[in-house]
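Everything below concerns the one structure shown next.
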Amino acid sequence: MATKSTLRAINIGLTDSEREGVINLLNVALSDGYLLLIKTKKYHWDVVGPQFLTLHQLWEEQYQMLSESIDEYAERVRMLGGYPVGTAAGFLQYTTLTEDAGDILSATDMVARLVADHEQIIRNLRSAVDQCSDDFHDEGTTDFLTGKMEAHEAMAWMLRSFIEGEAVKPNGQIPSANAVAIPAGV
Ligand SMILES: [Fe+2]
């Protein structure tokens, strides 16, 4: 949590307490991004099976995207006069995700865990967007976090499609209670 002693004096129309609130949200998002970055890289290394090459390459691409995203969170904290979390202990303190050290998973389970983490980050960011706008009046960060949420929605969709694909029957039916019937010929 940013404190008065670490908050630089800048005059951009936000109170110190508004900036502290926003910086805290950004540091949580930065830490969640860092944990997800580590998990994505670990699965890039560990994955085996028929989908090896596709997932190995996809996770390298998503690792690069997450790396850029983390950099942008940290630099936005600096733009607001604060300091980003930058230690492993700090990331573990701020993150809302959990690590799964020691588990060697099937490719499907790796995908499922990453989907769950992306979805948690999306829920967190949706709430952070509302808080940034309603409580802290920081429309710049509101816009920034909205873009981040959309990027995670895209990454989650790409991953989710692997799992959904395995569940689709040859006749195109999706065996799920939540599945919506697809009209014939559409
Ligand atoms: Fe690699």
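Look through Tyr83, Tyr43 and report the one residue that is away from the ligand (no atom under 16 Å from the Cβ) and aromatic (Phe, Trp, Tyr). Please lay out each step first, then the result.
Working: Tyr43 fails: away from the ligand (no atom under 16 Å from the Cβ).
Going through Tyr83, Tyr43 in turn, the sole match is Tyr83.
State whether one or more residues within the range 20-41 are over 24 Å from Lys148 (Cα atoms) and charged (D, E, K, R). Scanning the range 20-41 turns up no residue that is over 24 Å from Lys148 (Cα atoms) and charged (D, E, K, R). Among the residues of the range 12-45 satisfying the criterion of being closer than 17 Å to Ala74 by Cα and of a type in the set (D, E, K, R), which is nearest to the chain's Cα centre (by Cα)? So, considering only residues that are closer than 17 Å to Ala74 by Cα and of a type in the set (D, E, K, R), the one nearest to the chain's Cα centre (by Cα) is Asp32. The single residue among Glu153, Glu72, Glu99, Glu119 that is away from the ligand (no atom under 16 Å from the Cβ), more than 30 Å from Ile10 (Cβ to Cβ) and touching a residue at least 40 places away in the same chain (Cβ under 8 Å) turns out to be Glu99.
Values quoted throughout were computed directly from the atomic coordinates according to the rules given, and no laboratory measurement underlies them. This is a predicted model, so every value here is computed, not measured. Cβ atoms come from the backbone with ideal geometry, glycine included; neighbour counts cover every protein chain shown.
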